[in-house]
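Asks: After the structure tokens below, expect a handful of questions from me.
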Amino acid sequence: MTWNYRVVRSKDVDGSDIYALHECYYNKDGSIDGVTHRPVALYGFESVKDLVSSLGMMLNDATSARLRRTTRHSVLSAEDIETVIAREAK
């Protein structure tokens, strides 16, 4: 199983779009297997090196979402995540 950070778009209380990073996991065929329910948190790292490494991965994946627009890097909507959660529940 592989994973990356995905940008997820949802709605704020005033209806405006807001964005966050979530971990996204993939099946061997590239389909989404799961997405974290909550955005990634930036605390709890064991070292500055681990924190900086994770930030680099997040930046790379978020930049990929903006520039490449491929299925694997595209912005997910909150509705996309709800679909994945519903599929996981079955």
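Asks: What percent does the relative contact order of region 2-89 come to when contacts are Cα pairs within less than 8 Å and at least six residues apart?
Replies: Worked out over region 2-89, it gives 32 percent.
Asks: Using a basic spin-label model with each label point 7 Å from the Cα along Cα→Cβ, how many nm lie between Val40 and Ala86?
Replies: Spacing of the two 7 Å Cα→Cβ label points: 2.8 nm.
Asks: Can you tell me which of Gly30, Gly56, Gly44 moves the most in a GNM of the chain? Springs connect C-alpha atoms under 10 Å apart.
Replies: Gly44
Asks: About its Cα centre, what dipole magnitude does region 2-89 give when the only charges are +1 on Lys and Arg Cβ and -1 on Asp and Glu Cβ, stated in debye to the nearest 20?
Replies: 340 debye
Asks: Sequence-distant or interchain residues sharing an amide H contact under 5 Å with Val40, placed H: which?
Replies: Under 5 Å from the amide H of Val40 lie the amide H atoms of Leu21, His22, Glu23, each far enough along the sequence or on another chain.
Asks: May I ask you to give the average projected area over all directions of the convex hull of the Cα atoms of region 2-89, in nm² rounded to one decimal?
Replies: It is 6.8 nm².
Asks: May I pose another question? Using only DSSP helix segments of four residues or longer, with each worth -39500 (n - 2.57), what per-residue ellipticity at 222 nm results for the chain after dividing by its residue count and rounding to 500?
Replies: That calculation yields -12000 deg cm²/dmol at 222 nm.
Asks: Would you list His37, His22 from fewest to most Cβ contacts within 10 Å?
Replies: His37, His22
Every number in this text was worked out from the coordinates using simple rules, so none of it is lab data. Quick caveat, the model's predicted, so the values are computed rather than measured. Ideal geometry is used to build each Cβ from the backbone, glycine not excepted, and the neighbour counts take in all protein chains shown.
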